[in-house]
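*Asks:* Sending over a structure as structure tokens; questions will come in a sec.
The values are calculated or read from the model by the stated rules, or taken from the named source; none is laboratory data. The model shown is predicted, which means the values in this text are computed figures rather than measured ones. Here Cβ is always computed from backbone atoms with ideal geometry, including for glycine, and neighbour counts include all displayed protein chains. Just the protein is used for accessible areas: all its heavy atoms, side chains included, with ligands, DNA and RNA removed. Shrake-Rupley method; radii C 1.70, N 1.55, O 1.52, S 1.80 Å.
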Amino acid sequence: MPRPDLLLISNVPAPLRAALAERFTLHEGAPVPGIRAVVGGGMAKLDTALLEQLPDLEIVAIHGIGHDGIDTAALRARGIPLTLTPDVLTEDVADLAIALMLAVHRRIAANDALVRAGGWSAPLGRRASGRRIGIFGLGRIGHAIALRAAPFAGELLYTARSEKAVPWRFVPDIAALAETSDVLVLAAPGGSDTQNIVDAEILDRLGPDGVLVNIARGSLVDEDALVAALAEGRIAGAGLDVFAHEPQVPEALKAMNQVVLAPHQGSATEESRTEMRNLVLANLDAHFAGKPLLTPLG
Ligand code: NAP
């Protein structure tokens, strides 16, 4: 039996690529006829134009959760399933959100650089506990962040599309959430509904003592407005795992001590990446064996 043809639409970790190469004939770049499966990371793009070049496509398997670059409506119209890797990375992304929050308040990155450069006398940081923490998006990751943050938060608030049966205060929109929070944590998907939802006005509502943490998508934040708000002291700091034009990070952000930067590493642990890889492979194996998929997008 010839191996099915599979198109990689973004870079994927080397162990996943190696495992895929054992099962499929891998292709990259321009599609060839006969592609039956597509695999990409959470930032991968699969638009209508590319889909039209894939008449034999049967399944799309994403190594991640984000699928804002995928034309899900076109897939649905053709009856092509899309699988993600939910749940297995949730705890690690939530840990990173807390780490960024603490690192910004306590100047962990700036002081690390100071000590490495031979310094010792550091400016004071800010107390992290007791803050009002507002989480935008209370899904799998947002909920896991809330569970971690609640014990040391002064108050925990959240915004989602619908109110949840949780002990934390629901705030109906991001403007009110920013207004009532000291720390605004973004944990909602990218896409047209949330594009630049954190703009200059939202940052001003967060205010000069406010801290922004983004582990969601860079597209949620107007990055120019963020740079301006930080430079002008209109917010106090930011912890950022995601950026508008990855892997590019604005030079202005790199120069700021009140900002902690991470290279989109939310799921980058041995444990999450192993489980994510296994889930991508298990979904593809199930599809080609005619069995039910493990984690199709609902
Ligand atoms: P999820 O379970 O689908 O949760 C998404 C949450 O966002 C839900 O609570 C949803 O509200 C809310 N939401 C969606 N659209 C909204 C809107 N327009 N306004 C307000 N709230 C909205 O997803 P997840 O697994 O927690 O992942 C969240 C996002 O994290 C992913 O989409 C991905 O982009 C990002 N992510 C980042 C990394 C990283 O490495 N940094 C890793 C994995 C994922 P309802 O519950 O009311 O529907």
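*Asks:* Are any of the residues in the range 244-264 within 12 Å of the ligand (Cβ to nearest atom), open to solvent by 40 Å² or more (accessible area, probe 1.4 Å) and not acidic (Asp, Glu)?
*Replies:* yes
*Asks:* Mind listing whichever residues of the range 1-56 are within 26 Å of the chain's Cα centre (by Cα) and over 27 Å from residue 274 (Cβ atoms)?
*Replies:* Residues satisfying the conditions are 29, 47, 48, 49, 50, 51.
*Asks:* Mind checking which pairs have a first residue in the range 63-79 that is at positive phi and polar (S, T, N, Q) and a second that is away from the ligand (no atom under 12 Å from the Cβ) and open to solvent by less than 60 Å² (accessible area, probe 1.4 Å), Cβ under 7 Å, 6 or more apart or different chains?
*Replies:* No pair meets every condition.
*Asks:* Still on this structure, I have one more. So which pairs qualify, if the first residue must be in the range 173-198 and closer than 30 Å to residue 46 by Cβ, the second must be among the aromatic types (Phe, Trp, Tyr) and within 10 Å of the ligand (Cβ to nearest atom), the Cβ gap must be under 8 Å, and the two must be at least 6 apart or on different chains?
*Replies:* Hits for this filter: 174/136; 185/136; 186/136; 187/136; 188/136; 197/136.
*Asks:* Residue under question is residue 54, and the condition is that it be touching a strand residue (DSSP E or B) at 6+ places or on another chain (Cβ under 9 Å) and in contact (Cβ under 8 Å) with a residue 40 or more places away in the chain; does it hold? Spell out the reasoning first.
*Replies:* On the way: touching a strand residue (DSSP E or B) at 6+ places or on another chain (Cβ under 9 Å): yes; in contact (Cβ under 8 Å) with a residue 40 or more places away in the chain: yes.
Taking the combined requirement at face value, the residue satisfies it.
*Asks:* Would you pick out the residues in the range 131-148 that are aliphatic (A, V, I, L, M) and either under 18 Å from the mean Cα position of the chain (by Cα) or within 14 Å of the ligand (Cβ to nearest atom) (or both)?
*Replies:* Passing the criteria: 135, 138, 141, 144, 145, 146, 147.
*Asks:* Checking the condition without any contact (Cβ under 8 Å) to a residue 60 or more places away in the chain and open to solvent by less than 60 Å² (accessible area, probe 1.4 Å), which residue from 37, 30, 44 passes?
*Replies:* Answer to the check: 44.
*Asks:* Report whether or not residue 95 is open to solvent by 40 Å² or more (accessible area, probe 1.4 Å), within 27 Å of residue 212 (Cβ to Cβ), out of contact with any strand residue (DSSP E or B) (no Cβ under 9 Å at 6 or more places or on another chain) and assigned by TED's automatic domain parsing to the domain that holds residue 132.
*Replies:* For residue 95, the condition - open to solvent by 40 Å² or more (accessible area, probe 1.4 Å), within 27 Å of residue 212 (Cβ to Cβ), out of contact with any strand residue (DSSP E or B) (no Cβ under 9 Å at 6 or more places or on another chain) and assigned by TED's automatic domain parsing to the domain that holds residue 132 - is met.
*Asks:* Confirm whether residue 60 is more than 22 Å from residue 278 (Cα to Cα) and either open to solvent by less than 30 Å² (accessible area, probe 1.4 Å) or not assigned by TED's automatic domain parsing to the domain that holds residue 16 (or both).
*Replies:* Taking the combined requirement at face value, the residue does not satisfy it.
*Asks:* For the range 149-161, how many residues are under 21 Å from the mean Cα position of the chain (by Cα) and open to solvent by 60 Å² or more (accessible area, probe 1.4 Å)?
*Replies:* So the answer is 1.
*Asks:* Something else: Checking the condition in a strand (DSSP E or B), in contact with a Leu (Cβ under 9 Å, 6 or more places away or on another chain) and under 19 Å from residue 221 (Cα atoms), which residue from 100, 157, 184 passes?
*Replies:* Exactly one of 100, 157, 184 is in a strand (DSSP E or B), in contact with a Leu (Cβ under 9 Å, 6 or more places away or on another chain) and under 19 Å from residue 221 (Cα atoms), namely 184.
*Asks:* Given (1) within 16 Å of the ligand (Cβ to nearest atom); (2) open to solvent by 20 Å² or more (accessible area, probe 1.4 Å); (3) more than 26 Å from residue 265 (Cα to Cα), identify the lone condition not met by residue 171.
*Replies:* (2)
*Asks:* Next up: Tell me, which residue of the range 22-31 that is among the hydrophobic types (A, V, I, L, M, F, W, C) and modelled with pLDDT of 95 or more is nearest to residue 2 (Cα to Cα)?
*Replies:* 24
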